[in-house]
Amino acid sequence: LDALALAQTSVAFVAFGLCASGVYLLNDLLDLQADRLHARKRRRPFAAGTLPVLHGALAVPLLTGVSAALALWCGWRFALVLLGYWALTLAYSLYLKRLLMVDVVTLAALYTLRIIAGAAAIGAPLSFWLLAFSMFIFLSLALLKRYTELSAAQLAGHQKAVGRGYSTQDLPLIQSMGTASGYMAVLVLALYINSPDSLRLYHYPKALWLLCPMVLYWVSRMWMMAHRGGMHDDPIVFAASDRVSVAVIALCALAVLAAL
């Protein structure tokens, strides 16, 4: 309930969104040919031709410039983290996304960088437990994204996903690595609940045990949905529009409130 911290995080949120949008637009411009061959991505504005490429070319520097100005207002630490995010995302768009396993580890790191940026914006210390949980859960989601793309390629009769370092023969291995990573995140969560850090922060830490079965269920269901062909290309987009996922998030929030 710190007003200054809320203001800082609000501005940081906007700065991060503008930065990410600028890089994603650039990624779409670079991926035009590959997107036009993709079952769903061909409907993207640039790939479909509904939005002129020139608009994207003008928007990229504009979004990035405004983001940089807001980041500097939030402080040099946040600005440095955001610069690191921009550089890593750019490297991913230009080259890293084509490298086997490097791409998914990079995606997990990019998601985790958002947490680091949030802490930098308000000068909060980073939590080892949160970073460990994040790397595992985000790696699972990154692998889920690749699994879905490969499954779509297989259904279309292709042996490989366009612009990626995987073949359809890798599907079983990607699935096993992704589920294992998601379960490792739950293990980290379970270890945290019984740690001195948790005992110090919560009055009723045992209530946090409710999180474990709910996150286990959610990870398992996400992978089951992908296995059955019902997953969106982006698992985050799917989760945001999936009623079960939204309900699980709400129940997790209630468990945390009960632990306070």
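For the reader, a short list of remarks on this structure follows.
- At q = 0.10 Å⁻¹, base-10 log of I(q)/I(0) for the range 12-143 (Debye sum, equal scatterers on each alpha carbon): -0.36
- Total formal charge among the other residues, if their Cβ is under 9 angstrom from that of A153, Lys/Arg +1 and Asp/Glu -1: +1
- Positive contributions from Lys and Arg (+1) and negative ones from Asp and Glu (-1), summed over other residues with Cβ under 12 Å from the Cβ of A124, come out at 0.
- Where the Cα pairs of the range 132-201 fall when distances are cut into 10 Å bins, in %: 21, 37, 22, 12, 7, 1
- Residues whose amide H lies under 5 Å from that of Y166, counting only those 5 or more places away or on a different chain, are A161; hydrogens are built 1.01 Å from N in the peptide plane.
- For the chain, the fraction of 1.4 Å probe accessible surface lying on carbon and sulfur atoms is 72 percent.
- When exposed loop sites are taken as trypsin sites (Lys or Arg not before Pro) in a DSSP loop with at most 16 other Cβ atoms within 10 Å, the longest stretch of the chain clear of them is 41-227.
- Cα gyration tensor, the range 189-260 - rounded (a/c under 1.5), prolate or oblate: prolate
- For the chain, the alpha carbon positions stretch 55, 45, 30 Å along the principal axes, listed from largest to smallest.
- For the range 90-218, dividing the convex hull volume of the Cα atoms by the residue count gives 110 Å³ per residue.
The values are calculated or read from the model by the stated rules, or taken from the named source; none is laboratory data. If you're wondering where the values come from, they're calculated on a predicted model, not measured in any experiment. For neighbour counting, all protein chains shown are included, and Cβ atoms are generated from backbone atoms with ideal geometry for every residue, glycine included. Surface accessibility is based on the protein's heavy atoms, side chains included, excluding ligands, DNA and RNA. Shrake-Rupley method; radii C 1.70, N 1.55, O 1.52, S 1.80 Å.
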